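Some notes on the structure that comes next.
The values are calculated or read from the model by the stated rules, or taken from the named source; none is laboratory data. Since the model is a prediction, treat every value here as computed from it, not as a measurement. Here the Cβ is made from the backbone with ideal geometry for all residues, glycine too, and neighbour counts use every protein chain on show. Surface areas here come from the heavy atoms of the whole protein model, side chains and all, with no ligands, DNA or RNA. Shrake-Rupley method; radii C 1.70, N 1.55, O 1.52, S 1.80 Å.
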Amino acid sequence: MKNKEHEIVLSEDEQRKILESSPRGTWAILAIYAVIFTLSWLYFWFGLFVNHGPVK
């Protein structure tokens, strides 16, 4: 049994606007992940590998 008091009703225009919009939250999470991944890779490359010098 559904409670009608808490049900949100959207008009056709509001539904279409939501469905046609881009997923901004998903893009934000992906951008944050890409920055963290790139910074981590740079740290490992320059901070650990290059810092030890060539293989002897």
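Roll a 1.4 angstrom probe over the protein heavy atoms and tell me the percent of accessible area of the chain that is carbon or sulfur.
Details: 4040 of 6020 Å².
Result for the chain: 67 percent of the exposed heavy-atom area is carbon or sulfur.
Projected label points at Lys56 and Glu20, each 7 Å from Cα along the beta carbon direction, are separated by 6.7 nanometres. Convex hull volume of the Cα atoms of the chain, normalised per residue: 148 Å³.
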